[in-house]
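Each remark here refers to the structure printed beneath this line.
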Amino acid sequence: MRALLLAAGYGTRLRPLTDNIPKCLVPIRGRPLLDYWLELLFAGGIEAVLVNTHYLAEKVAEFVGTSRWSPRVTLTHEEKLLGTGGTVLRNRAFFDDKAFLVAHADNLTRFDARALITRHAKRPAGVVITMMTFTSDAPQTCGIVVEDAHGIVRELHEKAPNPPGNLANGAVYIFEPEIIEFIESLGKPVADLSTEVLPQYLGRICTYFNANYHRDIGSPEGLHKAELEFPYS
């Protein structure tokens, strides 16, 4: 399986730290966030990784070029941001018409990628997306998931002021190739997975719960908590 790491964001909430460092390279315990991601994915059986760039792209390219993972990482630059769905659509050839993993690389996480892939392989009939979930301590800032007894997503509540729980979308997915066809049917180059794609697949998304560690480090508070909590280096 191949993976796309979405890493093109500005990291505006982390300024001034991100004035000179792209969010995906923000260090946690002295190690760039992107390095944690690459190690996790390759250790979990991912064959190759595509990383999209935009803001401070040259610094991402420099990091990847000197990384131990360099031979297995491809960069795709966006002069104008395409949105999460638009990036998937533009790079459809990379996925070779097979199931693929997509992750937001502005989260610090630890999970078993092989177990996620296995969950998708054993998904119930009719399911075309597997979504990683986690328990959030700030559910108003997340996409909150309501699932049934079989782990099928029935409701999504995106950053609701009074969310119906704290089971959150971890922004790590495995998609079947038909999702690309749906994005294409929207008829535009810029599209968003969370607001334009996922709501159309309620009842066809199963979950994989991350009981290990997951945190959005896109705010100073989140980054500080990660520095204190994260049990790996």
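The values are calculated or read from the model by the stated rules, or taken from the named source; none is laboratory data. Quick caveat, the model's predicted, so the values are computed rather than measured. Here Cβ is always computed from backbone atoms with ideal geometry, including for glycine, and neighbour counts include all displayed protein chains. We work out accessible area using only protein heavy atoms, side chains counted, and drop any ligands, DNA or RNA first. Shrake-Rupley method; radii C 1.70, N 1.55, O 1.52, S 1.80 Å.
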Relative intensity, log₁₀ I(q)/I(0), of the range 15-65 from a Debye sum that treats every alpha carbon as a point, q = 0.19 Å⁻¹: -0.66
Along principal axes, Cα extents of the range 68-155, largest first, whole Å: 41, 32, 28
Normalised contact order of the chain, rounded percent, pairs of Cα under 8 Å and 6 or more residues apart: 25
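Need one number for the range 17-104: average projected area of the convex hull over its C-alpha atoms, nm². Provide the component values of the computation, followed by the final result.
Values: hull surface 24.7 nm².
Spelled out: convex hull of the Cα atoms, projected over all directions, averaged, 6.2 nm².
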Residue-level accessible surface for His120, protein heavy atoms, 1.4 Å, Å²: 10
At q = 0.14, 0.18, 0.23 Å⁻¹, base-10 log of I(q)/I(0) for the range 141-219 (Debye sum, equal scatterers on each alpha carbon): -0.52, -0.84, -1.23
Helix-only mean residue ellipticity at 222 nm for the chain, each DSSP H run of n ≥ 4 adding -39500 (n - 2.57), per residue, nearest 500: -6500 deg cm²/dmol
Segments 132-144, 98-110, 175-187 sorted - mean Cβ within 10 Å per residue, highest first: 98-110, 132-144, 175-187
Semi-axes of the equivalent ellipsoid for the range 59-114, Cα gyration tensor, largest first, Å: 19, 17, 14
Distant-in-sequence amide H partners of Gly143 (H built 1.01 Å from N, under 5 Å): Lys159, Asn169
Members of Lys23/Lys98; Lys98/Lys122; Lys80/Lys188; Lys80/Lys159 lying beyond 22 Å, as alpha-carbon distances in this model show: Lys23/Lys98; Lys80/Lys159
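Relative contact order of the range 1-103, please, whole-number percent, based on alpha carbon pairs below 8 angstrom and at least 6 residues apart.
Relative contact order of the range 1-103: 40 percent.
Considering only protein heavy atoms and a 1.4 Å probe, what is the carbon-and-sulfur percentage of the accessible area of the chain?
In the chain, the share of accessible area belonging to carbon and sulfur is 52 percent.
In the chain, what is the volume of the convex hull around the alpha carbon atoms, normalised per residue and reported in Å³?
120
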Accessible area per residue, Å², the range 53-139 with all protein chains present, probe 1.4 Å: 46
Under-5 Å amide H pairs with Leu4, H placed in peptide plane, nonlocal only: Leu50, Leu101, Val102, Ala103
